[in-house]
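Engineer: What follows is a structure written as structure tokens; I'll ask about it next.
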Amino acid sequence: MMAWRVHEFGPPDVMRFERIPRPDPGPGEVLVKVEAAGVGPWDGWIRAGRSVLPQPLPLTLGSDMSGEIVAVGSGVSDLRAGDQVYGAAGAASPRFIGAYAEFALASPAMIARKPASLTHIEAASVSVIAVTAWQALFDQAQLEAGQTVLVHGAAGSVGAYAVQLARRAGLRTFATAATQDISYVRELGADTVIDFQVQRFEEVVNDADAVIDLVGGETQKRSFQVLRRGGKLVSAVSHPDQHLAQNHGVEAAFFLVKVTSQYLAEIATLIDRGELKTRVGAVLPLADAREAHLMLEGLRPRPKGKIVLAVGTN
């Protein structure tokens, strides 16, 4: 089979499109014929050697995927060949690798049946970013109906799901976005959208119960002042300054998403009910995965929405 491999960490030009043996599923694994693979920032971090998880070389890039199970290893009872699934590649070791290929191993604990209302290309755009948004809001920040949240980067892939999930949960939602994205974020359900290019969010938000930080940097540092004492700053991009957190009397944490079949199944249900909208940006053939990584690095123009590699017939 063909797969995008990395033999050394570095920029996109270290990626190699190679023919490698098709794997066989071991105990507790399934083999998926990949129809589409999502491309996310974490793929770029792994390629560059910046993953917080150990990533032995060589490796096949790619985490998000959607496709059809073609073989099942021993000990797998709830999935079978022919099932249409989506989720994260990586076999029994949840290292978010293996999806940029014609076939990928996966753990049943990290995949679920694909939303019936989505194509494989659409489904491949969902899993890691939607679960990240869910866990940030409800597992990390532990928000409940009636509370107030500020979502930074609300027009981005994770941010768009965070706004939709916050609205559905009855949260009062503030969101930051660029001028051209204001109407989009408002349509997603944010109560107040702040154009960060013309207004400082700390002039609008105060006593928030939580900040979901999907931007980092100076935006993250400025966010401490809009939280109530005892509030929470949750970042999916970088480790917050604990001295600032202590000075403001708040909690602050960075977290790594844990993609599981439970979250994926719940998200699939919401999508099929029409309660969550997906947004696919660029769709490229598998052979153009390096071009997709140049988009990730900002070295090529890209539309809003998740980058997806079309692998099969879809």
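The values are calculated or read from the model by the stated rules, or taken from the named source; none is laboratory data. What you see is a predicted model, and the numbers here were worked out from it, not measured in a lab. Cβ: placed from backbone, ideal geometry, glycine included. Neighbour counts: every protein chain shown. Side chains included, ligands, DNA and RNA excluded: accessible areas come from the protein's heavy atoms. Shrake-Rupley method; radii C 1.70, N 1.55, O 1.52, S 1.80 Å.
Engineer: Looking at (1) free of Cβ contacts under 8 Å to residues at least 60 places away in the same chain; (2) open to solvent by 40 Å² or more (accessible area, probe 1.4 Å); (3) farther than 22 Å from residue 37 by Cβ; (4) not hydroxyl-bearing (Ser, Thr, Tyr), which is the only condition residue 298 fails?
Structural biologist: Failing condition for residue 298: (3).
Engineer: Let me ask you something else. Only strands (runs of 3 or more DSSP E) wholly contained in the stretch 197-259 count here; list those with 2 or more residues that are open to solvent by 20 Å² or more (accessible area, probe 1.4 Å).
Structural biologist: Strands (runs of 3 or more DSSP E) meeting the threshold: 227-235, 251-254.
Engineer: When both residues are 6+ apart or on different chains and their Cβ atoms are under 8 Å apart, which pairs have a first residue that lies in the stretch 162-189 and is within 12 Å of residue 277 (Cα to Cα), and a second that is of a type in the set (Phe, Trp, Tyr) and open to solvent by 40 Å² or more (accessible area, probe 1.4 Å)?
Structural biologist: Once the first residue is within 12 Å of residue 277 (Cα to Cα) and sits in the stretch 162-189, its partners that are of a type in the set (Phe, Trp, Tyr) and open to solvent by 40 Å² or more (accessible area, probe 1.4 Å) give 165/138.
Engineer: Which one of these is without any contact (Cβ under 8 Å) to a residue 24 or more places away in the chain and among the aliphatic types (A, V, I, L, M): 267, 194?
Structural biologist: 194
Engineer: Then there is this: Take the stretch 269-302 and flag every residue that is under 17 Å from the mean Cα position of the chain (by Cα) and closer than 23 Å to residue 15 by Cα.
Structural biologist: Within the stretch 269-302, 281, 282, 283, 292, 293, 295, 296, 297 qualify.
Engineer: Is there a residue in the stretch 53-75 that is open to solvent by 10 Å² or more (accessible area, probe 1.4 Å), part of a loop (DSSP other than H, G, I, E, B) and among the charged types (D, E, K, R)?
Structural biologist: No, there is no match, as no residue in the stretch 53-75 is open to solvent by 10 Å² or more (accessible area, probe 1.4 Å), part of a loop (DSSP other than H, G, I, E, B) and among the charged types (D, E, K, R).
Engineer: If you don't mind, another one. I'm checking my understanding of the structure. Among residues of the stretch 221-244 that are without any contact (Cβ under 8 Å) to a residue 60 or more places away in the chain and in contact with a Pro (Cβ under 9 Å, 6 or more places away or on another chain), which one is farthest from residue 41 (Cα to Cα)?
Structural biologist: 224
Engineer: So which residues in the stretch 38-52 are outside any loop (DSSP other than H, G, I, E, B) and either more than 15 Å from the chain's Cα centre (by Cα) or without any contact (Cβ under 8 Å) to a residue 12 or more places away in the chain (or both)?
Structural biologist: The answer is 45, 47, 48.
Engineer: While we're on this one: Within the stretch 179-196, how many residues turn out to be of a type outside the set (A, V, I, L, M) and in a helix (DSSP H, G or I)?
Structural biologist: Matching residues across the stretch 179-196 total 7.
Engineer: Would it be correct to say that residue 69 is β-branched (Val, Ile, Thr), touching a strand residue (DSSP E or B) at 6+ places or on another chain (Cβ under 7 Å) and at pLDDT 95 or above?
Structural biologist: yes
Okay, residues lined up against (1) among the hydroxyl-bearing types (Ser, Thr, Tyr); (2) under 26 Å from residue 221 (Cβ atoms); (3) at pLDDT 95 or above:
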site: 237; (1), (2), (3): no, yes, no
site: 250; (1), (2), (3): no, yes, yes
site: 258; (1), (2), (3): no, no, no
site: 271; (1), (2), (3): no, no, yes
site: 274; (1), (2), (3): no, no, yes
site: 297; (1), (2), (3): no, yes, no
site: 300; (1), (2), (3): no, no, no
